[in-house]
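*Asks:* Can you keep this structure in mind? I'll have questions shortly.
Read the figures in this text as sums done on the coordinates, not as results from a lab. Predicted model only: the values in this text are computed from it and were never measured. All Cβ positions, even for glycine, are placed from backbone atoms using ideal geometry, and neighbour counts span all protein chains on display.
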Amino acid sequence: MKIIEGYKLVHRNNYTEYCDNLNVKIIDVQGIKIGSNKPVIIAGPCAVETYEQTIEIAKAVKKCGGHMLRGGAFKPRTSPYEFQGLGREGLEILKQAKNITGLPIVTEVLDPRFVDMIYEYADVFQIGSRNMYNVPLLKEVAKTKKPVILKRAMSAGLQEWLCLAEYIALEGNMNIILCERGIRTFPCKEYSRNTLDLNIIYPLRESTFLPIIVDPSHATGASKMVSSASLAALQYNIDGLLIEVIQEDDSPDKILCDGFQGIRPSVLEQMIKNINKSI
Ligand code: PEP
Ligand code: MN
C-alpha cells in the first residue's frame, strides 16, 4: 500500500483507536487531560535561571489556575556565548517547584545522551523547534513512552511536521502533543519574532487526532502581543497554550533568556480569567 502522506499512525484515519472526545486523543498527565474540551495552560519561565525566580513563577502559575509548569534547564541558544541553561541544577530546581506547587513539569531535551537524566524530572518532554528534525533524539525520547511536545520547526510544513511525529509514534509512543510556535516569514524581527500560523490548525485537525497547542510567546516575541495571540489561537479550538512568564518585578533586559516575550503573573492571571469566561 502506498503511504501517500508519509505518515499513517498519526493520521486521522487511524483515529478510532485513540479518540474518546472530539476526535482528539486525550493525553493524561497526572490527571490533567490534554485534548479534552478545556484548554490546558502550561506556563513558566523560558529558562530556569535561579531557585527564587523559578519558585516565584511556579507559585504564581499555580495561583492563576495554570495546569503545568514549563522551564528549560537545557537551552538551545543560537550563540554559544549565550546562557545555555543550568543543566542538572535546573532540573533539581524544577523538582522542588513541583514539590511545592504540585504542577507537572514540562522541560526541553536537546541531546539523546540526556534523555535518561531528564526522564527522572520531566512529566512531559519538550522537543524544541530546532530539534524537530533530530530523528535520533525523537526516537530516544519516544522509547521512554512519556508524553512529548513536538514543536514545529521554523520552516516546517504540515506534512513534514506529521512525518516527524510519526517517528515518535513508530517507537510505540502515541503521547504526542503538537505545538505551533510561529514560523519564519519576511516580517520576522521587523515587528515580531515569528509569524503565528493559525491557518495550520484546521488542516492539522483534519490530518491528525493528536492534540494541538500554541506557544504565543515565541510566535510573537513580544509580551504585549501574547494575550491577543492566545485568545486568537483559542478561537481555533486548540487544546492548550504554552506561555512564558517572567517575575512581576523583573526587568526584561536582565533576564538571561527571552525576557521581552515573557508576561507577568498579573497578566497571566487576567488572561486565564478571560479564557475561563470564554469557554
Ligand atoms: C522554548 O520553548 O523556550 C523554546 C526554545 O522554544 P522553540 O523551540 O519553539 O524556539
Ligand atoms: Mn524561550
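*Asks:* Would you mind ranking K8, K254 by Cβ crowding within 10 Å, fewest neighbours first?
*Replies:* Numbers: K8 15, K254 10.
Placing the least packed residue first, the sequence is K254, K8.
*Asks:* Something else now. How many angstrom lie between the C-alpha centres of region 76-90 and region 255-279?
*Replies:* The two parts, judged by their Cα centres, are 24 Å apart.
*Asks:* Loop only by DSSP, 15 or fewer other Cβ within 10 Å of the Cβ. Give me the GluC sites (Glu not before Pro) in region 191-251 that pass, ordered by residue number. Walk me through the numbers on the way to the answer.
*Replies:* Details: sites: E206, E244, E248; in loops: E248.
Answer by residue number: E248.
*Asks:* Sort K151, K63, K146 so that the residue with the fewest other Cβ atoms within 10 Å of its own Cβ comes first and the one with the most comes last. Before the final figure, lay out each step's value.
*Replies:* Working: K151 25, K63 13, K146 17.
Ascending number of Cβ neighbours within 10 Å: K63, K146, K151.
*Asks:* Also, I was wondering about something else. To two decimal places, what compactness ratio does region 66-123 give when its Cα radius of gyration is scaled by 2.2 N^0.38 Å?
*Replies:* Values: Rg = 11.6 Å, N = 58, 2.2 N^0.38 = 10.3 Å.
Compared with the compact-globule rule of thumb, region 66-123 sits at 1.13.
*Asks:* Assigning unit charges at the beta carbon (Lys, Arg +1; Asp, Glu -1) and nothing else, what dipole magnitude in debye, to the nearest 20, does region 1-138 show about its Cα centre?
*Replies:* Working: 17 positive and 15 negative charges, 81 e Å.
Dipole magnitude for region 1-138 comes out near 400 debye.
*Asks:* Which is the longest part of the chain that has none of the chymotrypsin sites (Phe, Trp or Tyr not before Pro) sitting in a DSSP loop with at most 10 other Cβ atoms within 10 Å?
*Replies:* Numbers: sites that count: Y81, Y191.
In the chain, the maximal stretch lacking such sites is 82-190.
*Asks:* How large is the dipole of region 129-279 about the Cα centre if only Lys and Arg carry +1 and Asp and Glu carry -1, each at its Cβ, rounded to the nearest 20 debye?
*Replies:* Values: 17 positive and 17 negative charges, 30 e Å.
Value, rounded to 20: 140 debye.
*Asks:* Sort K25, K143, K33 by Cβ crowding within 10 Å, fewest neighbours at the top. Intermediate results must be reported in sequence, preceding the final value.
*Replies:* Details: K25 23, K143 14, K33 17.
Listing K25, K143, K33 from fewest to most nearby Cβ atoms yields K143, K33, K25.
*Asks:* Over all alpha-carbon pairs of the chain, lay out the pair-distance distribution in 5 Å bins, whole %, shortest bin first.
*Replies:* P(r) over the chain, rounded to whole percents: 1, 6, 13, 18, 21, 18, 13, 7, 2, 1, 0, 0.
*Asks:* Take the Cα pairs of region 140-279, get the Kirkwood Rh, then feed it into Stokes-Einstein at 4 °C and 1.567 mPa s and tell me D in µm²/s.
*Replies:* Details: Rh = 15.9 Å.
In µm²/s, the coefficient rounds to 81.
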